[in-house]
Amino acid sequence: MTYQPQKDFGTPESRSDEAVSLTIDGRNVTVPAGTSVMRAAAEQGTAIPKLCATDSVKSYGSCRLCLVEIDGRRGTPASCTTPVEPGMVVRTQTPQLAKLRKGVMELYISDHPLDCLTCAANGDCELQDQAGAVGLRDVRYDVQETHLGQEKDHSNPYFDFDPSKCIACSRCIRACDEVQGTLALTMEGRGWDSKISAGFASDNFMGSECVSCGACVQACPTATLVEKKVVEVGTPERSVVTTCAYCGVGCTFRAEMRGEQLVRMVPYKDGKANRGHSCVKGRFAWGYAQHQERILKPMIRKSISDPWREVEWDEAFAYTASELKRISDTYGRNALGGITSSRCTNEETFLVQKLVRAGFGNNNVDTCARVCHSPTGYGLKTTFGTSAGTQDFDSVEDSDVILIIGANPTDGHPVFASRMKRRLRGQDGRPGAKLIVIDPRRTDIVRSPHIEAQHHLPLRPGTNVAVLTAMAHVIVTEGLADEAFVRERCDWDEYSHWAEFVSQARNSPENLQPVTLVDADELRAAARLYATGGNGAIYYGLGVTEHSQGSSTVMAIANLAMATGNIGRRGVGVNPLRGQNNVQGACDMGSFPHELAGYRHISDSNARSLFENDWGVTLDPEPGLRIPNMLDAAVDGVFKALYCQGEDILQSDPNTAHVSAGLAAMECVIVHDLFLNETANYAHIFLPGSTFLEKNGTFTNAERRIQPVRKVMTPMNGLEDWEVTQKLAQAMGLDWNYSHPSEIMDEIARLTPTFAGVSFARLDEVGSLQWPVTEDAPDGSPIMHIDGFVRGKGKFVVTDYVPTDEKTGPRFPLLLTTGRILSQYNVGAQTRRTENVAWHPEDLLEIHPVDAEDRGVKSGDWVKLASRAGETTLRADVTDRVAPGVVYTTFHHAVTQANVVTTDYSDWATNCPEYKVTAVQISASNGPTEWQEEYEALSARSRRVETGIASE
Amino acid sequence: MNSVERLIHMANQIATNLATDAAPAAAVADHIQTFWDPRMKKMIFAHGTDGLSPIAAAAISLLADAQNGG
């Protein structure tokens, strides 16, 4: 298809139910009340010339190009700021309007460089288009003073700012304010001196508060703000709608292409998760896809001390199959296992778990959700009956109180954070939602432009359950529970038991304050606000799940939502913010060792027989090993082979020393990935993977939205990932013959009741579907548990606070908690291979000034971070974002390997690691630790390829 | 900790968290039956109840009995 930018209606859509009919250029049009004349015209196919208007931001009325004539009105009102009225008669093209518009354009062009032929936006410039649209042929002014020749700002790695081309329309400023909510940009000076500025006059874009979401670039009607890639490559020639492969928000993008070359990723306005917005990762950080360190040929080696040897695919599959057979014959079938990836598609994860269950003959399959959201699966299935969040993202628009616990959405889920912030700021006279943040750190959302949390509860890490129980205590003992909802929707006896428990004096905020370190009055006020403030919505992340009581915390959250009636309608709910793009999907697809697709236990003979009949095999009715159990079994010498797709357990999983011991004890580690990641240091077979740009499939985001991933270029490694798994299965003798991922989805739909109505054809038709998609809900289910819980009655579970076994003491007096930063993603395998390193080149240790002073540590100093599990070094960042006694770091860099320090304590129900609580000590350091030095040497040795060229 | 010590720790942790259940030993037994692979179960049966909390020990006994057809 020829390239066309997405249609711009000029002003935002009106959501009014009231219809208004009017006439524009002699044609009748009916639109919702509140629609602008400009948009009404656009909807009937009439493009009124415009420059300062774009449909992502509110109308502004500054450019005076969109003037129209309206019967009965004096003058020529701006169509962008004029709402439609019943019976209105509008003319968009008259000699008078043409003259006015031409005059306006003449003024604009008189102060614009006429370098269209060499301009990066040539052919994709609204100023150029409008000059053509109004028939401008000449500029009569002999301008002496212009804005031309100003210095360009190239500081941002992804886009340039050329003030000489700016028409001062403010679209970039308004996009930053209204869409992104960072308010980084401003108009400096007045009148003739007006100039877009990224903060202070001394700031360039890189040095400013700009978060590089790209909203300003997208809004710019000229080449003032333009992607460097467009400057380098030229304008795109075609586009394909696809889904981002970063976080669990699941933004829809147009991959804009030139041949097989990706020119830019532009957020798709019809994307239901992102509604036309993006973040620095999805918008810009895709350079890893063509990074020189990508491995494109399969490689094998007998021992991890050998260099790699490149082989053809056929040899790789034959060798892999023979190794797996040898190990199965020697040690038994239970010595094999696999790990699916939340970065891969539903179809790919489904095939990997199928390979394990049907091919390896056991249930030793797990997924990286084990180390992030497995407690969500357990907790929400127990309480509500479904292992998933209850809402769609749009729901936040109707929230009155937003409670964020253990999540840092502006860094981890930035596009949804922008939507949340929009609601928190309030809009069009509607007051903003109230905000409660429960987090040991003062995350950015606690206080940001026009947003200030009513309550920030900076709890001691590891005390989530105590805080939530104390909140429940307040709600029940102060009579704030919605008992009518509970009586109708939940098991009353279970509620009564729970209410009696939380009401006990030992669970009062005052009694728990010494444990949680949360001010009792503040906690009481927060609980009252959540219970009585209208629609209350809870959003949570890994700060909830990655604890020894992760599952209990999820259930405590569910208890609060049920007790206050905040379930089953828009604006409320329990919303896990998923870390990776397809965490939800990987879990849905039967990646857990105890569950088949659709969360049916492997011991359920009815469910099992469905799969057995379809696959023509007998399945083991016993649950298999989880990732940590696999590693334990490997150390014990009974688990010998692992197929690891798209996952880097050596860097991402806790207690690196234990992970490496487990991997080193295996005889066949198969890594299927884009790069020689850290796990590959212990691998015997490397199968090169394909990027999300090189394959077809689907991802399922945090709102259960199944979205298409579309192949926009040929896989550089020659095969899509599902093909690799299929060919491996074939080499093992399995009769698999999928010709397209759509056939895999058909199988998933056939075997999974909640996916019954899902197919690629249906997804192409409607864009996306939120499961359950069934006969009763053929268009999917944006909101769950509307008339009743999936499990029948909502279940209250008593969640008694149990302190973690990870204790501070004289040797390790501080608590380390870990997290993410906006510019990096997970273990950094992708983002470290992009220009995003400009923002976060290394992991830093945040430490409170008091703790830093006690240890003589200053910002920028190298410090040793030691725990009972291990030690590493990194540089300190002294900040009061963390409370005294708490230190914080990210885990994006392999050099730091924060998980050398984390322990293998885990959630009691799911074995999700307790990443968020590690007792540590900080001391001055003058160099890398022994572990870091040894590991660096191992990495160098392990990455040798026989060609003699190191791959990383 | 070695694998058996880890299993003991896990069983005790499950027992502590399910202690408020109406039938805690049965709840722990059900949890282990649902989520542990056969080798892990065998290992803890073989180990016996040493180091286990009373609830965890009762749960393991329940499971072992069921396994042995008891």
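Based on this model, can you work out whether A:E85 counts as within 28 Å of A:V231 (Cα to Cα), of a type in the set (D, E) and either in a loop (DSSP other than H, G, I, E, B) or over 40 Å from the mean Cα position of the chain (by Cα) (or both)?
Spelling it out, it is not the case that A:E85 is within 28 Å of A:V231 (Cα to Cα), of a type in the set (D, E) and either in a loop (DSSP other than H, G, I, E, B) or over 40 Å from the mean Cα position of the chain (by Cα) (or both).
Can you tell me which residue is farthest from A:A729 (Cα to Cα) among those in segment A:321-350 that are surrounded by fewer than 24 Cβ atoms within 10 Å (Cβ to Cβ) and either β-branched (V, I, T) or not assigned by TED's automatic domain parsing to the domain that holds A:F592 (or both)?
Checking each candidate, the answer is A:T330.
If A:K795 satisfies every condition in (1) basic (K, R); (2) away from chain B (no Cβ under 14 Å); (3) crowded, with 18+ Cβ neighbours inside 10 Å but one, which is the exception?
The one condition A:K795 does not meet is (2).
Being out of contact with any strand residue (DSSP E or B) (no Cβ under 8 Å at 6 or more places or on another chain) and over 26 Å from A:V280 (Cα atoms), is that true of even one residue in segment A:856-872?
Yes, segment A:856-872 has at least one match.
Per-residue answers, yes or no, for (1) under 25 Å from A:G579 (Cβ atoms); (2) among the acidic types (D, E); (3) free of Cβ contacts under 8 Å to residues at least 12 places away in the same chain; (4) not assigned by TED's automatic domain parsing to the domain that holds A:E397:
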{"residue": "A:T477", "(1), (2), (3), (4)": "no, no, no, no"}
{"residue": "A:C490", "(1), (2), (3), (4)": "no, no, no, no"}
{"residue": "A:E494", "(1), (2), (3), (4)": "no, yes, no, no"}
{"residue": "A:H497", "(1), (2), (3), (4)": "no, no, no, no"}
{"residue": "A:E510", "(1), (2), (3), (4)": "no, yes, yes, no"}
{"residue": "A:L517", "(1), (2), (3), (4)": "no, no, no, no"}
{"residue": "A:L542", "(1), (2), (3), (4)": "yes, no, no, no"}
{"residue": "A:S551", "(1), (2), (3), (4)": "yes, no, no, no"}
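Residue-wise test of (1) in the same structural domain as A:Q824 (by TED's automatic domain parsing); (2) touching a Leu at 6+ places or on another chain (Cβ under 8 Å); (3) buried (at least 24 other Cβ atoms within 10 Å of the Cβ).
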site	(1), (2), (3)
A:V352	no, no, yes
A:N363	no, yes, yes
A:T383	no, no, yes
A:S399	no, no, yes
A:V415	no, no, yes
A:G426	no, no, no
A:G429	no, no, no
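When segment A:506-564 is examined, which residues are found to be among the polar types (S, T, N, Q) and part of a helix (DSSP H, G or I)?
Taking segment A:506-564 first, the residues among the polar types (S, T, N, Q) are A:507-508, A:511, A:513, A:516, A:532, A:535, A:545, A:548-549, A:551-553, A:559, A:564.
Once the filter is applied, which keeps residues that are among the polar types (S, T, N, Q) and part of a helix (DSSP H, G or I), segment A:506-564 yields A:N507, A:N511, A:Q513, A:T516, A:T532, A:T545, A:S551, A:S552, A:T553, A:N559.
Determine which member of the set A:R528, A:R524, A:R578, A:R569 is basic (K, R) and surrounded by 24 or more Cβ atoms within 10 Å (Cβ to Cβ). Working first, answer last.
Values: A:R528 fails: surrounded by 24 or more Cβ atoms within 10 Å (Cβ to Cβ); A:R524 fails: surrounded by 24 or more Cβ atoms within 10 Å (Cβ to Cβ); A:R569 fails: surrounded by 24 or more Cβ atoms within 10 Å (Cβ to Cβ).
That would be A:R578, the only listed residue that is basic (K, R) and surrounded by 24 or more Cβ atoms within 10 Å (Cβ to Cβ).
Could we say that A:I557 is in contact with a strand residue (DSSP E or B) (Cβ under 6 Å, 6 or more places away or on another chain), closer than 24 Å to A:E478 by Cβ and either more than 14 Å from chain B (Cβ to nearest Cβ) or buried (at least 24 other Cβ atoms within 10 Å of the Cβ) (or both) here?
yes
Do we find that A:L642 is touching a Leu at 6+ places or on another chain (Cβ under 8 Å), in contact (Cβ under 8 Å) with a residue 12 or more places away in the chain and within 29 Å of B:Q13 (Cβ to Cβ) in this structure? Let's see the steps before the verdict.
Values: touching a Leu at 6+ places or on another chain (Cβ under 8 Å): yes; in contact (Cβ under 8 Å) with a residue 12 or more places away in the chain: yes; within 29 Å of B:Q13 (Cβ to Cβ): yes.
When the stated conditions are applied, A:L642 passes them.
Which ones in segment A:637-650 are part of a loop (DSSP other than H, G, I, E, B) and either away from every other protein chain (no Cβ under 14 Å) or at pLDDT below 95 (or both)? Talk me through it step by step, then tell me what you get.
Narrowing segment A:637-650 to residues part of a loop (DSSP other than H, G, I, E, B): A:637-640, A:646-648.
If the condition is that a residue be part of a loop (DSSP other than H, G, I, E, B) and either away from every other protein chain (no Cβ under 14 Å) or at pLDDT below 95 (or both), then A:G646, A:E647, A:D648 are the ones that fit.
I need the full set of residues from segment A:446-473 which are part of a helix (DSSP H, G or I) and either surrounded by fewer than 24 Cβ atoms within 10 Å (Cβ to Cβ) or among the aromatic types (F, W, Y) (or both), in order please.
Of everything in segment A:446-473, just one residue is part of a helix (DSSP H, G or I) and either surrounded by fewer than 24 Cβ atoms within 10 Å (Cβ to Cβ) or among the aromatic types (F, W, Y) (or both), namely A:V446.
Can you name the residue in segment A:593-618 that is of a type in the set (S, T, N, Q) and in contact (Cβ under 8 Å) with a residue 12 or more places away in the chain and is also nearest to the other protein chains (Cβ to nearest Cβ) among such residues?
A:S603
Among the listed residues B:I14, B:I60, which satisfies the condition of being touching a residue at least 40 places away in the same chain (Cβ under 8 Å), at the interface with chain A (Cβ under 8 Å from one of its Cβ atoms) and either farther than 18 Å from A:P623 by Cα or not acidic (D, E) (or both)?
One residue alone meets the criteria, B:I14.
Suppose we filter A:F501, A:F485 for residues that are away from every other protein chain (no Cβ under 14 Å), of a type in the set (F, W, Y) and either in contact (Cβ under 8 Å) with a residue 24 or more places away in the chain or outside any loop (DSSP other than H, G, I, E, B) (or both); which single one remains?
Values: A:F501 fails: away from every other protein chain (no Cβ under 14 Å).
Exactly one residue qualifies, and that residue is A:F485.
Can you name the number of the only condition in (1) farther than 22 Å from A:S823 by Cβ; (2) surrounded by 22 or more Cβ atoms within 10 Å (Cβ to Cβ) that A:D880 fails?
Condition (2) is where A:D880 drops out.
Confirm whether A:D111 is assigned by TED's automatic domain parsing to the domain that holds A:L51, under 23 Å from A:S197 (Cβ atoms), of a type in the set (D, E, K, R) and surrounded by 18 or more Cβ atoms within 10 Å (Cβ to Cβ).
It is true that A:D111 is assigned by TED's automatic domain parsing to the domain that holds A:L51, under 23 Å from A:S197 (Cβ atoms), of a type in the set (D, E, K, R) and surrounded by 18 or more Cβ atoms within 10 Å (Cβ to Cβ).
Can A:V231 be described as surrounded by fewer than 23 Cβ atoms within 10 Å (Cβ to Cβ), part of a strand (DSSP E or B) and aliphatic (A, V, I, L, M)? Spell out the reasoning first.
Numbers: surrounded by fewer than 23 Cβ atoms within 10 Å (Cβ to Cβ): yes; part of a strand (DSSP E or B): no; aliphatic (A, V, I, L, M): yes.
Against the criterion (surrounded by fewer than 23 Cβ atoms within 10 Å (Cβ to Cβ), part of a strand (DSSP E or B) and aliphatic (A, V, I, L, M)), A:V231 does not qualify.
In segment B:20-38, which residue that is surrounded by fewer than 18 Cβ atoms within 10 Å (Cβ to Cβ) and within 7 Å of chain A (Cβ to nearest Cβ) is nearest to A:V635 (Cα to Cα)?
B:P38
Anything in segment A:334-375 that is assigned to a helix (DSSP H, G or I), at pLDDT 95 or above and in contact with a strand residue (DSSP E or B) (Cβ under 8 Å, 6 or more places away or on another chain)? List them, or say none.
Matches in segment A:334-375: A:A335, A:N346, A:E347, A:E348, A:T349, A:V352, A:Q353, A:L355, A:V356, A:R357, A:F360.
I'd like to check something: does segment A:204-226 contain any residue that is assigned to a strand (DSSP E or B) and crowded, with 24+ Cβ neighbours inside 10 Å?
Within segment A:204-226, one or more residues are assigned to a strand (DSSP E or B) and crowded, with 24+ Cβ neighbours inside 10 Å.
How about segment A:795-908: which strands (runs of 3 or more DSSP E) wholly inside it have at least 2 residues that are more than 22 Å from A:G207 (Cα to Cα) and β-branched (V, I, T)?
So the answer is A:814-819, A:871-878, A:886-890.
Looking for something at pLDDT 95 or above and on the phi > 0 side of the Ramachandran plot - is there at least one such residue anywhere in segment A:307-330?
no
Counting just the residues of segment A:583-618 that are of a type in the set (A, V, I, L, M, F, W, C) and part of a loop (DSSP other than H, G, I, E, B), which one comes out nearest to the chain's Cα centre (by Cα)?
Filtering segment A:583-618 for residues of a type in the set (A, V, I, L, M, F, W, C) gives A:583, A:586-587, A:589, A:592, A:596-597, A:602, A:607, A:610-611, A:615, A:617.
Add one more test, that the residue is part of a loop (DSSP other than H, G, I, E, B), and what stays is A:589, A:592, A:597, A:602, A:617.
Values: A:M589: 19, A:F592: 22, A:A597: 23, A:I602: 30, A:V617: 37 Å.
It comes out as A:M589.
Restricting to segment A:400-425, count the residues that are part of a loop (DSSP other than H, G, I, E, B) and either closer than 25 Å to A:V465 by Cβ or modelled with pLDDT under 95 (or both).
4
Here is a list of conditions, (1) assigned to a loop (DSSP other than H, G, I, E, B); (2) within 14 Å of chain B (Cβ to nearest Cβ); (3) touching a Leu at 6+ places or on another chain (Cβ under 8 Å), and A:P621 meets all of them except one; can you say which number that is?
Answer for A:P621: the failing condition is (3).
Quick check on segment A:920-941. Is at least one of its residues modelled with pLDDT of 90 or more and under 31 Å from the mean Cα position of the chain (by Cα)?
Yes, some residue in segment A:920-941 is modelled with pLDDT of 90 or more and under 31 Å from the mean Cα position of the chain (by Cα).
The values are calculated or read from the model by the stated rules, or taken from the named source; none is laboratory data. On a predicted model such as this, the values are computed, not experimentally measured, just so you know. Note that each Cβ is placed from the backbone with ideal geometry, even for glycine, and that neighbours are counted across all protein chains shown.
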